[in-house]
1. Residue check: is Glu178 among the acidic types (Asp, Glu) and farther than 24 Å from Gly76 by Cβ?
2. Of all residues in the stretch 141-179 being out of contact with any His (no Cβ under 9 Å at 6 or more places or on another chain) and in a loop (DSSP other than H, G, I, E, B), which is modelled with the lowest pLDDT?
3. Quick check, is Ala128 under 27 Å from Thr32 (Cβ atoms) and either part of a loop (DSSP other than H, G, I, E, B) or within 17 Å of the chain's Cα centre (by Cα) (or both)?
4. Hey, among Gly134, Gly94, which residue is in a loop (DSSP other than H, G, I, E, B), surrounded by fewer than 19 Cβ atoms within 10 Å (Cβ to Cβ) and on the phi > 0 side of the Ramachandran plot?
5. How about the stretch 180-194: which of its residues are assigned to a helix (DSSP H, G or I) and under 29 Å from Thr31 (Cβ atoms)?
6. Looking only at the stretch 139-162, how many residues end up being in contact (Cβ under 8 Å) with a residue 60 or more places away in the chain and over 22 Å from Met115 (Cβ atoms)?
7. Take Thr44 and tell me if it is closer than 26 Å to Val187 by Cα, surrounded by fewer than 22 Cβ atoms within 10 Å (Cβ to Cβ) and hydroxyl-bearing (Ser, Thr, Tyr).
8. Check Arg100 against each of (1) in a loop (DSSP other than H, G, I, E, B); (2) of a type in the set (Lys, Arg); (3) touching a strand residue (DSSP E or B) at 6+ places or on another chain (Cβ under 9 Å) and name the one condition it does not meet.
Amino acid sequence: MLDRLLADILACRICADRLPLGPRPLLRASTTARLAICAQAPGTRAHLAGLTFDDASGDRLRDWLGVDRATFYDAGRIAVVPMGFCYPGTMPRGGDYPPRPECAPAWREAVFTEMPQIELKLLVGSYAQAWHLGDRRRASLTGTVAAWRDYLPDFLPLPHPSWRNSGWIKRNPWFSAELLPYLKERVVELAGSR
């Protein structure tokens, strides 16, 4: 039962001694959402607020999806299941550490087993792409995202919506011209729109 599983996840402490701000698992799941965002791990701001994608990256992601905040944060419409549920800490030179390696093997299969109605998983970033696509992914994130049609109808790989990736988006105009219109159309079908 999903409610019991979510309670177990929220009580999880398997890597508590390696989390700089302690455990605070963040995810959204339901038995009605047909779209799941599979991202990396919450950042500092998400950890402190208890809300994923409550930042400029979230604004960009919502724009890519063509949804407003109410739709995005409605777990009955859009699930958010990161590779790591807790903030992993910041590296000395900036940027967050990768998701803790204990999290996905402990919980990921169980979460998606309880959500068989999910029709499309948005694979945001290389960690989610590696986990879900395995040897089907290309040698680079750009190659994987450029081959997005090869992973349909179950998966759609995306770069991280960080503003640090603005250069990547400019260098890859097909992303905005081809992938994003398809994505917005699918989101309307699966979750509604603004």
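1. On the way: among the acidic types (Asp, Glu): yes; farther than 24 Å from Gly76 by Cβ: yes.
In short, yes.
2. Ser162
3. Working: under 27 Å from Thr32 (Cβ atoms): yes; either part of a loop (DSSP other than H, G, I, E, B) or within 17 Å of the chain's Cα centre (by Cα) (or both): yes.
Judged against the criteria, Ala128 is a match.
4. Numbers: Gly134 fails: in a loop (DSSP other than H, G, I, E, B).
Among Gly134, Gly94, only Gly94 is in a loop (DSSP other than H, G, I, E, B), surrounded by fewer than 19 Cβ atoms within 10 Å (Cβ to Cβ) and on the phi > 0 side of the Ramachandran plot.
5. Quick first cut of the stretch 180-194, residues assigned to a helix (DSSP H, G or I) only: 180-191.
Leu180, Tyr182, Leu183, Lys184, Glu185, Arg186, Val187, Val188, Glu189, Leu190, Ala191 - these are the residues of the stretch 180-194 that are assigned to a helix (DSSP H, G or I) and under 29 Å from Thr31 (Cβ atoms).
6. First pass over the stretch 139-162, keeping only residues in contact (Cβ under 8 Å) with a residue 60 or more places away in the chain: 158, 160-162.
Then keep just the ones that are over 22 Å from Met115 (Cβ atoms); that gives 160-162.
Residues in the stretch 139-162 being in contact (Cβ under 8 Å) with a residue 60 or more places away in the chain and over 22 Å from Met115 (Cβ atoms): 3 in total.
7. Values: closer than 26 Å to Val187 by Cα: no; surrounded by fewer than 22 Cβ atoms within 10 Å (Cβ to Cβ): yes; hydroxyl-bearing (Ser, Thr, Tyr): yes.
Answer is no for this residue.
8. (3)
The values are calculated or read from the model by the stated rules, or taken from the named source; none is laboratory data. Keep in mind it's a predicted model, so treat the numbers as computed, not measured. Glycine also receives a Cβ, built like all others from the backbone with ideal geometry; neighbour counts cover every protein chain displayed.
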